[in-house]
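Shown next, in structure tokens, is the structure this report addresses.
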Amino acid sequence: MVFSYLSSLLPDIDQPGGKLWRMLPFGKTLGQISDPFLEHRNLTHSFLGAGIVGVGLFFLFKSFPEYWGIDTRTVFIASIISYLSHLFADLWTNEGIPLLFPYKKFFGLPPKPFASFRIASGKWFENRVIFPVITLFFIAFVLINYSSIKAILFK
């Protein structure tokens, strides 16, 4: 769960004030140091960025010793799904994301001419409607599939 949560925040590592930076000791300083090198919604919000993160996570999890008892394959898959879910959610924002970075075209859902139905990031609709609905969906999903989830986590 920890790696899944952290992976869902990774695409916003290109934001100096992002939640991941705020969680780290000296994160604010590290975020400001990285700011000139990373532009928000570029590499980390693309298939290329997802591939780089995937390779990095693969080797990180491969280094975990077996005696830790962590099913690294499941953790890896959950982490990748979390990362990609962040990208999927950002597709629905007004800005969209550059899926094919370094190609600079931003993609979004719904596509034009229906782009006016996209969501403004950080505004009331996202915070008061979207997040609560997703949270309730997630809780319902976990409750409905509890026995399967328990079997996967506690092999």
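Selection of segment 108-123 for residues being closer than 12 Å to THR93 by Cβ and assigned to a helix (DSSP H, G or I) yields ALA115, PHE117. HIS86 passes every criterion in (1) in a helix (DSSP H, G or I); (2) without any contact (Cβ under 8 Å) to a residue 24 or more places away in the chain; (3) in contact with a Ser or Thr (Cβ under 7 Å, 6 or more places away or on another chain) apart from (2).
The residue pairs whose first member lies in segment 130-155 and is under 22 Å from THR72 (Cβ atoms) and surrounded by 10 or more Cβ atoms within 10 Å (Cβ to Cβ), whose second member is modelled with pLDDT of 85 or more and aliphatic (A, V, I, L, M), and whose beta carbons are closer than 8 Å, counting only pairs six or more residues apart or on different chains, are ILE149/VAL142.
Which of the residues belonging to segment 40-90 are within 16 Å of GLN15 (Cα to Cα) and either at pLDDT 90 or above or exposed (fewer than 13 other Cβ atoms within 10 Å of the Cβ) (or both)?
Kept after step one, since they are within 16 Å of GLN15 (Cα to Cα), are these residues of segment 40-90: 40-46, 49, 83, 86-87, 90.
Across segment 40-90, the qualifying residues are HIS45, SER46, GLY49, TYR83, HIS86, LEU87, ASP90.
Is it true that SER121 is in contact with a strand residue (DSSP E or B) (Cβ under 6 Å, 6 or more places away or on another chain) and on the phi < 0 side of the Ramachandran plot? Judged against the criteria, SER121 is a match. TYR103 meets all of the listed conditions (1) modelled with pLDDT of 90 or more; (2) of a type in the set (Ser, Thr, Tyr); (3) not in a loop (DSSP other than H, G, I, E, B) but one, namely (3). Of all residues being among the small types (Gly, Ala, Ser) and free of Cβ contacts under 8 Å to residues at least 60 places away in the same chain in segment 57-83, which is farthest from SER7 (Cα to Cα)? Just the residue, please. Top of the filtered list is GLY69.
The values are calculated or read from the model by the stated rules, or taken from the named source; none is laboratory data. Keep in mind the model is a prediction, meaning the values are calculated, not measured. Using ideal geometry, Cβ is built from the backbone for each residue, glycine included, and neighbour counts are taken over all protein chains shown.
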